[in-house]
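S.K.: Here it is, the structure, as structure tokens.
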Amino acid sequence: MYYLRSILILSICFHFTARLFSKDIKNTTAASETLSVTYYDNLTSALLSGVSIKLNPAKTEKLNYTSFFAKNNESISIKKKTSVTDYSTLATGAFENSYASNATLLNGPTDKGAVFELLSGITKKNTPEKVYFTEIAFIDSSTAVTIAYSKKKATLLLIDISSNPMRINSAINVPVATALLTTQKDIFSINKSTGQILIPVQKMTESVSKEGILVWKKKKNALPGIWIITPVKNDEKKWVADRSAISVRYFENNALKSNLQIQYTHIDNTGNIWFNFIKGICGVLPITVLNKTSTYADQVILYNFNKDLSRFSDMQRNYKELLYQNLKNTIDTETQDTVNFQKQVYKHPEAFANQYLSASRYNTYSKILRSKEALLDSNKVYENPEALWQYVSLQLDPPNTKKQNKLSDYFGFKLKSFQTLHNGITSADGNSVFVSTNTGIHKLSYNVKNNTIEMKWSVPYENSYLKTDAQKVAASATTPAYISDKEEVVFCDNAFPQINILILDAKTGHLKFKFPLFEYNIGSACENAIAYSENTIIAGNTFGNSNSLKSDALAYPANGIMKFNCSTSGKWTVDYNWNKNQVNTITNTAAPKISIPDHKVYIYHNNLGQWQLSAIRLDKTDTGFPLQFSLTPDFKNTGKTNIGNFKSNFTFGPNKSILIGTKNGLLRMVTE
């Protein structure tokens, strides 16, 4: 009897322990793992009754914007340029299309007749206001959409780009975390089939200003949600965002005990809305189309990457092996036992962390020093080498921190938050998407029949556990790009000192090709999606990017842009001659983008202290001339104007134009 009771007690303890650490969880979506959706068919009905009564129906955000023109503008009539652009070729998000391939069928700007226009808020001194603009997308060939935000508010703008100058059609304040926007590219998206604007929001505290304008104040533990805005035509037949045409959905589930913050949203090829939440959770709001009428579900289906604890064990093991492999050559083999050293590292990795970080920091420092000395005469040395350490922003993000080991409530389970989602979501075939975490790249699919999210495949990548101050965690910073005509997906890992570009089979996840990036440069990073078009891949180096809006000072911008070619047999190779010619080209923060009809790649970069758009030929290598031409706006006539983009991507527009969000407004470049 005592024996049986002991067995029973042990069985209960084992079951409780397994439930506590979630080792027995099968990593598929359970029926209870959902967020309920509270739906409002218009924005006014989603507000508190006291607020909606005070709200002036005719009042929206003040349209206190004006255009500034560069002093070096050439003669061109924007009014005479007709908008005949096919809407299907225009961007609906930060990376040109849902596949994040950063390529367009539009012609890019030329080097003739350039006009530079900066649409911005205006100060009392009649100079551009310090309002940061984000990504740009299009409702049609005459209307652009963007978000302008300051420290206090974020404002959705619908802009008439067919006029000269550009004109704001409508503006409305949106409840988003402005601090989050500074580090994201893909903030909102437009459903190409419906023209609806989709914005992830938070249920903040609403109020009405003295002017009768709706304003939002940050609220702790606010509910996540989305606004789906259906643009309507005003009396002037211009697209506007009207409160009556904004449907609101908030998501919650009491079993989570704390609300999830949305980081990214994405509309897949069938219309389902996908979400990247914090704490390694992905979700989907399914859509049903019946008799040409679209209806969204009343639940968000969730998928938690942290349910797979084998990944946590892999992180611990990989980190220990990484430390050992990087430090084993530092020991004196005559006095120290290599096997014993490995045991020490595996047993106490924290004791060797600083040594690994110091060696990695010195690796970057020595490259910066060599680059400085290369500019001097052979008999001279750099006078102040210690000052160069300020440019080395490497930090260690080990997988054994208290934050990662902290347990969070998740539908009755206690889970460690060791996996994170922080890059964009990319459409694959059908109901599938690609997402990346700090442990791997994954293909997820929404199963309509079972109403679940399923993992199609998951592939780990090399992680150095090093990050810069521009990164939240040590992980791949690249949004996956889907090459649909080859059934491949391309992205980058987080190796050190060089990251690698990885090309995988999109159906199976099998690694097909792997190439090191920017071997001959100071650092190696890619915080953008890779550009692809017509058997060509382009990757730009973003190592050294600052994470501050206060200045353009980059830690130490690394140069380099690389090209890869694919043969008719499907083999990818490095274009050495082209890459050699571009080894010193700075790509800064905006993703390189390809104009397919022009056979050019365009980059927005800070070249010798001047922000400019440059074009590079793809069809040949002009040895000694890396840039075919550059367009450099000169706004010195408007006071202190900063047209640095700070991670916002430029977007190809109609009539050989580009638009890009800057720190002082929306910049448009139009050419002949």
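The values are calculated or read from the model by the stated rules, or taken from the named source; none is laboratory data. None of the values given here were measured: they were computed from a predicted structure. Counting neighbours? That spans all protein chains shown, and the Cβs are built from the backbone with ideal geometry, glycine included. The accessibility values were calculated without ligands, DNA or RNA, using every heavy atom of the protein model including side chains. Shrake-Rupley method; radii C 1.70, N 1.55, O 1.52, S 1.80 Å.
S.K.: Within the group 642, 655, 649, which residue is in contact (Cβ under 8 Å) with a residue 24 or more places away in the chain, open to solvent by 30 Å² or more (accessible area, probe 1.4 Å) and under 17 Å from residue 91 (Cα atoms)?
M.R.: Testing whether each residue is in contact (Cβ under 8 Å) with a residue 24 or more places away in the chain, open to solvent by 30 Å² or more (accessible area, probe 1.4 Å) and under 17 Å from residue 91 (Cα atoms) leaves just 655.
S.K.: Let me ask another. Answer yes or no: is there a residue in region 31-47 that is open to solvent by 50 Å² or more (accessible area, probe 1.4 Å), among the hydrophobic types (A, V, I, L, M, F, W, C) and at pLDDT 85 or above.
M.R.: Within region 31-47, not a single residue is open to solvent by 50 Å² or more (accessible area, probe 1.4 Å), among the hydrophobic types (A, V, I, L, M, F, W, C) and at pLDDT 85 or above.
S.K.: How many residues are more than 15 Å from the chain's Cα centre (by Cα) and among the small types (Gly, Ala, Ser) when one looks only at region 475-496?
M.R.: 2
S.K.: Check whether at least one residue in region 553-568 is in contact with a Leu (Cβ under 6 Å, 6 or more places away or on another chain), of a type outside the set (Lys, Arg), modelled with pLDDT under 90 and within 29 Å of residue 365 (Cα to Cα), and report yes or no.
M.R.: No: zero hits.
S.K.: Can you run down the residue pairs with Cβ atoms below 8 Å, 6 or more apart or on separate chains, where the first is in region 368-393 and of a type in the set (Asp, Glu) and the partner is open to solvent by less than 100 Å² (accessible area, probe 1.4 Å)?
M.R.: So the pair list comes out as 373/382.
S.K.: If you don't mind, there's one more thing I want to ask. Residues of region 586-609 being in a loop (DSSP other than H, G, I, E, B) and small (Gly, Ala, Ser), which ones?
M.R.: Hits for region 586-609 are 590, 591, 609.
A quick yes/no check of all residues on (1) open to solvent by 10 Å² or more (accessible area, probe 1.4 Å); (2) of a type in the set (A, V, I, L, M); (3) assigned to a loop (DSSP other than H, G, I, E, B):
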| site | (1), (2), (3) |
| --- | --- |
| 125 | yes, no, yes |
| 135 | no, no, yes |
| 147 | no, yes, no |
| 159 | no, yes, no |
| 162 | yes, no, yes |
| 168 | yes, yes, no |
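S.K.: Residue pairs, Cβ under 6 Å, 6 or more apart or interchain, first in region 558-585 and part of a loop (DSSP other than H, G, I, E, B), second among the hydrophobic types (A, V, I, L, M, F, W, C). List them.
M.R.: Pairs found: 558/522; 558/543; 559/586; 560/518; 560/583; 582/561; 585/561.
S.K.: Report, by residue number, each residue of region 230-245 that is in a loop (DSSP other than H, G, I, E, B), surrounded by fewer than 17 Cβ atoms within 10 Å (Cβ to Cβ) and touching a helix residue (DSSP H, G or I) at 6+ places or on another chain (Cβ under 9 Å).
M.R.: Passing the criteria: only 230.
S.K.: Another question about this same structure. Among the residues that make up region 347-359, is at least one of them over 35 Å from the mean Cα position of the chain (by Cα), free of Cβ contacts under 8 Å to residues at least 40 places away in the same chain and over 14 Å from residue 497 (Cβ atoms)?
M.R.: yes
S.K.: Which numbered condition trips up residue 612, out of (1) surrounded by 20 or more Cβ atoms within 10 Å (Cβ to Cβ); (2) part of a strand (DSSP E or B)?
M.R.: (1) is the only condition that residue 612 fails.
S.K.: With a cut-off of at least 3 residues that are modelled with pLDDT of 90 or more and surrounded by fewer than 18 Cβ atoms within 10 Å (Cβ to Cβ), name the strands (runs of 3 or more DSSP E) lying wholly within region 246-316.
M.R.: In region 246-316, there are no strands (runs of 3 or more DSSP E) which contain 3 or more residues that are modelled with pLDDT of 90 or more and surrounded by fewer than 18 Cβ atoms within 10 Å (Cβ to Cβ).
S.K.: Next question, about the same structure. Residue by residue through region 618-632, note down the ones that are more than 12 Å from residue 603 (Cβ to Cβ) and of a type outside the set (A, V, I, L, M, F, W, C).
M.R.: Selection gives 619, 620, 621, 622, 623, 624, 632.
S.K.: Is there any pair linking a residue in region 34-45 that is over 12 Å from residue 225 (Cβ atoms) to one that is polar (S, T, N, Q), with Cβ under 8 Å and at least six apart or on different chains, and which?
M.R.: Close Cβ pairs satisfying both conditions: 34/253; 34/299; 41/247; 42/244; 42/247; 44/52; 44/244; 45/52.
S.K.: Considering only strands (runs of 3 or more DSSP E) fully contained in region 504-543, which possess at least 3 residues that are not aliphatic (A, V, I, L, M)?
M.R.: The qualifying strands (runs of 3 or more DSSP E) are 511-516.
S.K.: Taking the criterion of being more than 30 Å from residue 175 (Cβ to Cβ), open to solvent by 30 Å² or more (accessible area, probe 1.4 Å) and in contact (Cβ under 8 Å) with a residue 24 or more places away in the chain, would at least one residue in region 328-335 satisfy it?
M.R.: Yes.
S.K.: Let me ask another. Have a look at 378, 360, 393 and point out the one that is surrounded by 17 or more Cβ atoms within 10 Å (Cβ to Cβ) and at pLDDT below 85.
M.R.: Among 378, 360, 393, only 393 is surrounded by 17 or more Cβ atoms within 10 Å (Cβ to Cβ) and at pLDDT below 85.
S.K.: Please tell me if residue 354 is modelled with pLDDT of 90 or more, closer than 26 Å to residue 469 by Cβ and open to solvent by 60 Å² or more (accessible area, probe 1.4 Å).
M.R.: Yes, satisfied.
S.K.: For residue 481, only one of the following conditions fails: (1) open to solvent by 10 Å² or more (accessible area, probe 1.4 Å); (2) among the hydrophobic types (A, V, I, L, M, F, W, C); (3) out of contact with any Lys or Arg (no Cβ under 7 Å at 6 or more places or on another chain). What is its number?
M.R.: Failed condition: (1).
S.K.: Could you check how many residues of region 203-229 are basic (Lys, Arg), free of Cβ contacts under 8 Å to residues at least 24 places away in the same chain and in a loop (DSSP other than H, G, I, E, B)?
M.R.: 3
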